Structures are given as structure tokens and as C-alpha cells.
Amino acid sequence: MKKNLTIISLLSLLSPLLLANSNYKTLQTMKKGAKDNLTLNTKLKSYKVDGIVNKANIISFNIGGSGTFNMIPNLDLKINAGVKFRRGSSDSLYASGPDSNSDFYLSEAIIEYRPFERVRLQAGALDQGEIENSFVVSKTSFLGIKELVSFSTFDGELTLSAQQSIPNSKNNSNKIDKVEDGNPVFFFEEITYKKESYFLDTTLSVGHFAYDQLSNSSANSSRFYGNTITGLNESSADYKYSFIGWTAGANLDVKIDNFTFGLGGDYLINTAADTDGNQDFVLNSKFEIVSERNTTGLSTGLYEVASDSTPAIYSSSYYGNKNMKGAIITLYHHNALYDFNSKLSFRTSKPINKSLYQDKENTIYMEIRKDYDIL
């Protein structure tokens, strides 16, 4: 599959336009660079999974750091990394359950160059959590490059981005004596519009994605998480469908006095799969009570993640990876003064299509997070 990334050309064409029409900082301001900052991130979380195929009782403590460091004018180093300590039990009939092992995490490690105020070029371990659509990929990091151009329009902020990266997952081998088959690549382009006002906050997005050259080993792992796979073992396993498609999303928050009412959703379609199992969607709602220092809210979500919309091994376990549908309800609280967050979630899900490797699951998730500013 050959993929023309037309948005890269669009970004190149827009750069002179931005130079001519945007109010850029003066050269003296640009030379100052970004101010260094460093935050200590701590998180305590616990989750219980109750199902026929998967059962788990796990507690996890994460500690790490995130920061931005100005190397030279207009060149920053951004890092978000740490370690996860886990204890508990995880039982799965097909090795598709939650991970109970301790390990390191690297959410982001990039060099960002800003040739102009509204143009950013990034290279390194890219944070996929920045993608607006929740179905394209899980919140992990991929090695790659990314281009972003943003400008003000319609009283909001319009951002065009494109990335070219190499997917990885917990199943990819890091051993020097093993060479993985395939040379997976991931392309994603997105246009995002955000506007904040006294009464209404709006976020709109549309994107295009493609996965290519996926390995037999990733296909074999993906069969346990909901994809349609041909072949009976790792050496012969292959995805039945390719993965090329479109995404769309919208979120609206209405603010009335100390209350916020939110509605939104995400949608994804894999146009390379001529099957009913090629579309994902989620419909979200929320209600928040907001004060100067505290935000307390309740959110709900109804979702369906089809069997062949995206590669299961790279998809989010938040929705049960692939071939699942269900509902999520979350109670959460944020204290801005102490940068303290807590939440309690309950998810119930079941397979869309009958599967040997999947069954009904109920999940309870609790989390406490506290950040400390160091720089």
C-alpha cells in the first residue's frame, strides 16, 4: 500500500501564508525560548476485571516526571516517562487479560523545533494521547516525526497536523536475538478546531489514518483482542482486512453559572474493510459542578468498537480493544489548588460477534493522581 500524505504538502503551502498573515513574535521574543518546567507525576490506581475469559485484581503505583527543557532558541526537549509498580493477579484463558507486571513507561520523548510561532516540527517518541479521536490508537508513544501548523480563525484555534511513525506495543520484542517480521508504519493526519467562550466550549476534529506492513506476530496477538485473523499460528497469521480510513469527533460544553453540561462523540470507519465490522463510535455526556478550585463531575459513555476497524494490538483497552460494545460511567473530582485528581469508573461490555477469545466483562477502576511542580 502506497499512501500519499497530501496534508504534508498542505502544511508546506500554508507556512508562507502564515508568515504573511499571522502576528508572529518579534525575533527578540523568539530568542528567549520556552521556560524550563518539570513536574513530578504520581498515580495510584486499582482495577478489578470480572469475566469468564479474563479475571484480574491489580493495584498499580506510577511515579515519573514530565517536563519541557529549552535547549537553544526555538528548540525544546519534551519528556514524560517513569515506572509502573504493579501487584495482584491476572488470569486469562488466552493471554489477553490485563498486565500485572511492573515496567517502565515512556509516554513522550521528543525534540520540538519551532521555526515560526505557529509551526512546530517534532521528532522522537510521539505521544499518541494527543490524537483527538479515541479509537485510532491507544495512549502510548510511537517513534516518528510530526508536523503541526496552527492559526486563529473564526474566534478559535485551527490546527493541522500530520505524523509518520512506527507502531509498537507490549507484544513487540526488544530482544537483540529476535527480528520481528514486518516493518509496521502508521500515518495519521488531523484537522482540529477549538474555541472557548464564556458560554460554550467547542472541539471539532476530522482525520485520516493508515496502518501498513503489519507483522504476522501482531496479527496473531490481535486475534485474542477481537480482530478477524486468517491463519492458525504466528507464522501464518494475517489480518483479513487492511486498515485505512477516516475519523471524526465533536464535543460541546455548555457553561451555565457553576454548572457544565457536555455532549460529544467520536466516530471511525475503516474504508478498506468491506464488512459490517468496520466502524467504531462512542456517545458521551457529562455534568460538572465547577467552583474556583474544584470540579466534580459525572460522565457516561455508550460505545461500540467493531472487529476490523483498527488493529486490535494497537487499540485502547479502555473500550475492550475490538469487537466489544458496552457502557461506561465515571465519577471524578479535580482540585486545582493542589493539582489533585480522583475518579471511579465502572464499565460493562460484551462481544458484538460471538468469539472464542472474548466474553462479557465488568470492570471497576479507581484512580488517584497528584502532580508536584518542581521547576
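The values are calculated or read from the model by the stated rules, or taken from the named source; none is laboratory data. Values in this document were obtained by computation on a predicted structure and should not be read as measured data. Here the Cβ is made from the backbone with ideal geometry for all residues, glycine too, and neighbour counts use every protein chain on show.
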Check whether at least one residue in the range 184-195 is crowded, with 20+ Cβ neighbours inside 10 Å, assigned to a loop (DSSP other than H, G, I, E, B), at pLDDT 90 or above and not aromatic (F, W, Y), and report yes or no. yes
For the range 231-289, how many residues are closer than 22 Å to K195 by Cβ and not β-branched (V, I, T)? 23
Among the residues of the range 304-326, write down those that are in a strand (DSSP E or B) and either under 18 Å from A273 (Cβ atoms) or under 19 Å from the mean Cα position of the chain (by Cα) (or both). E304, V305, M324, K325
Based on this model, can you work out whether Y198 counts as closer than 30 Å to N294 by Cβ and modelled with pLDDT under 95? yes
Scanning for something touching a helix residue (DSSP H, G or I) at 6+ places or on another chain (Cβ under 7 Å) and either in contact (Cβ under 8 Å) with a residue 24 or more places away in the chain or surrounded by 18 or more Cβ atoms within 10 Å (Cβ to Cβ) (or both), does the range 287-308 turn up at least one residue? yes
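Yes/no matrix, rows are residues, columns are (1) among the basic types (K, R); (2) surrounded by 16 or more Cβ atoms within 10 Å (Cβ to Cβ); (3) over 30 Å from K360 (Cβ atoms):
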| position | (1), (2), (3) |
| --- | --- |
| N74 | no, yes, yes |
| I79 | no, yes, yes |
| V83 | no, no, yes |
| S90 | no, yes, no |
| S100 | no, yes, no |
| D103 | no, no, no |
| A109 | no, yes, yes |
| P115 | no, no, yes |
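Residues are listed down the side, and each one gets a yes or a no for (1) modelled with pLDDT under 90; (2) farther than 22 Å from I111 by Cα:
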position: L13; (1), (2): yes, yes
position: L17; (1), (2): yes, yes
position: L27; (1), (2): yes, no
position: A34; (1), (2): yes, no
position: N37; (1), (2): no, no
position: N41; (1), (2): no, no
position: I52; (1), (2): yes, yes
position: I72; (1), (2): no, no
Residue that is surrounded by the fewest Cβ atoms within 10 Å (Cβ to Cβ) [pool: residues in the range 218-239 that are in contact (Cβ under 8 Å) with a residue 24 or more places away in the chain and over 18 Å from P167 (Cα atoms)]: T228
Cross-chain or 6+ apart pairs with Cβ under 7 Å, the range 117-138 first and touching a residue at least 60 places away in the same chain (Cβ under 8 Å) and part of a strand (DSSP E or B), then surrounded by fewer than 20 Cβ atoms within 10 Å (Cβ to Cβ) and of a type in the set (S, T, Y): V119/S15
